[in-house]
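A.B. asks: Before we start, here is the structure in question, set down as structure tokens.
What follows is calculated from the coordinates using simple rules that are stated; it is not laboratory data. Here the structure is a predicted model, which means the values were calculated and not measured. Glycine gets a Cβ as well: all are built from the backbone with ideal geometry, and neighbour counts include every protein chain shown.
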Amino acid sequence: MNNLDNLTLVILTYKTGKEILDNCLSSIDKNIKIIVVENSTYFENQKYFEDKYKNIKIILTEKNLGYAGGNNFGLNMVKTKYALIFNPDIICEKNFFSSIQKYLDGKLDFSIIGTSFAEQSDYHTAGFFDNKKNLKEANFLNEFNLYDVDWVSGCSLLLNLNNFDDEKIFDENFFLFFEENDLCFRVKSKGGKIFMSTDLKITHLGFKSSLASLEKYKFEFSKLRNWHYMWSFYYYHKKNYGMITALKKSSSRLLRYFIKFIFYSLMFDKKNKILYFCRFSGLINSICNKKSSFRIKI
């Protein structure tokens with residue numbers, strides 16, 4: 001039996017460019033079931049993709065549910081034991097799917113396996129909740145080429161669905177940022193295993209998953225990211241470490257963002273004024289226990 005039969009791939013899109021998604025799908029083994037979840041009411045080029053890729057199913061959420069809600073939407077439709085979550089700006093290396101099969105035969109107990117970058121990057125795909133630890137100190141499983149870690153990047157995740165009891169794997173209070181950190185924290189607190197594979201290599205283009213890649217929308221998406229990063233920052237720390245810790249980590253940022261908002265207002269720097277207000281607003285809304293409600297109009 002081909003172990004890939006045990007796997008379904010979920011790709012969450014939001015008005016993703018045709019070329020970006022095409023490059024992602026072209027790098028995926030044609031025998032794998034793929035669910036493309038469009039986080040809106042309309043999927044452009046649907047006929048093109050369904051004609052070219054016979055192994056995909058395209059589903060609309062009818063509104064933007066964010067990373068957590070959109071992926072939960074897709075994962076609820078997965079019938080296989082394993083699910084692989086991809087951002088659409090991911091390109092798999094040639095041996096990715098021959099390498100992944102050794103994790104799909106049931107011999108390895110895990111909840112989550114993350115991937116590694118094909119090229120050197122300043123951005124880390126895995127790490128520890130204790131910032132003083134690094135991968136050099138991690139347990140390495142030679143048989144599977146895995147590092148035993150606390151968290152992995154959410155751009156590409158292999159999930160063993162048998163180890164998740166909740167219908168909603170991700171906390172949908174998050175709209176953007178910290179969703180995978182929260183998931184990994186919950187998995188580790190319950191004794192679950194999280195690994196980072198050195199064999200599953202990807203190229204992650206970064207910030208190419210949506211209209212944010214288009215110049216005319218970059219500032220609007222920058223507002224969205226700034227607001228939600230700070231909302232999620234406080235919510236994540238409050239949920240997992242307590243209110244006092246969250247306030248300690250956030251108070252200096254709150255003051256700094258307010259001061260910078262005033263400064264850039266006086267300097268008539270409209271762009272930075274707006275961005276620092278978004279940071280301040282996202283953080284204060286989270287502290288006041290308000291939902292992650294900020295959206296942009298496209």
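A.B. asks: In debye, nearest 20: dipole of the range 1-92 around its Cα centre with unit charges on the Cβ of K, R (+) and D, E (-)?
C.D. replies: Value, rounded to 20: 240 debye.
A.B. asks: Okay, moving on. Give or take rounding to whole Å, what are the principal axis extents of the alpha carbon atoms in the range 162-240, in descending order?
C.D. replies: 45, 35, 21
A.B. asks: Report the Cα centroid-to-centroid distance between the range 229-272 and the range 19-94 in angstrom, as an integer.
C.D. replies: So the separation of the two Cα centres works out to 34 Å.
A.B. asks: Test of understanding: what is the full-extension gain from E220 to K291, defined as 0.36 nm times their sequence separation minus their Cα-Cα distance?
C.D. replies: Extra length from E220 to K291 when fully extended: 23.6 nm.
A.B. asks: Among all the lysines, which ones have a C-alpha under 19 Å from K107's C-alpha, if same-chain residues fewer than 8 places away are not counted?
C.D. replies: List returned: K81, K193.
A.B. asks: With the dipole of the range 115-171 worked out from charges on the C-beta (+1 for Lys and Arg, -1 for Asp and Glu) around the Cα centre, which of G127, L159, F170 lies farthest toward the positive end?
C.D. replies: With unit charges placed on the Cβ atoms, the residue in question is G127.
A.B. asks: In the range 174-197, which residues have a backbone nitrogen under 18 Å from the label point lying 7 Å from Y241's Cα in the Cα-to-Cβ direction?
C.D. replies: The answer is 177-189, whose backbone nitrogens lie closer than 18 Å to the label point.
A.B. asks: Which residue, chosen from T115, Y217, C184, occupies the Cα position most advanced towards the positive end of the dipole of the chain, where the dipole is computed from +1 (Lys, Arg) and -1 (Asp, Glu) charges on Cβ about the Cα centre?
C.D. replies: Y217
A.B. asks: What dipole magnitude, in Debye to the nearest 20, does the range 3-204 give about its Cα centre under +1 on Lys/Arg Cβ and -1 on Asp/Glu Cβ?
C.D. replies: With Lys and Arg at +1 and Asp and Glu at -1, about 360 debye.
A.B. asks: Now a separate question. Tell me, what ³J(HN,Hα) does each residue in the range 234-241 have, in order and in whole Hz, if you take phi through Karplus 6.51 cos²θ - 1.76 cosθ + 1.60 with θ = phi - 60° and put x for Gly and Pro?
C.D. replies: Along the range 234-241, the couplings run 5, 4, 4, 5, 5, 5, 9, 10 Hz.
A.B. asks: Using only alpha carbons, build the gyration tensor for the range 214-287 and give me the equivalent ellipsoid semi-axes, biggest first, whole Å.
C.D. replies: Taking √(5λ) for each Cα gyration eigenvalue gives 24, 16, 6 Å.
A.B. asks: Under a point-charge model restricted to the Cβ atoms of Lys and Arg (+1) and Asp and Glu (-1), what is the dipole moment magnitude of the range 144-298 relative to its Cα centre, in debye to the nearest 20?
C.D. replies: Computed charge dipole of the range 144-298: roughly 940 debye.
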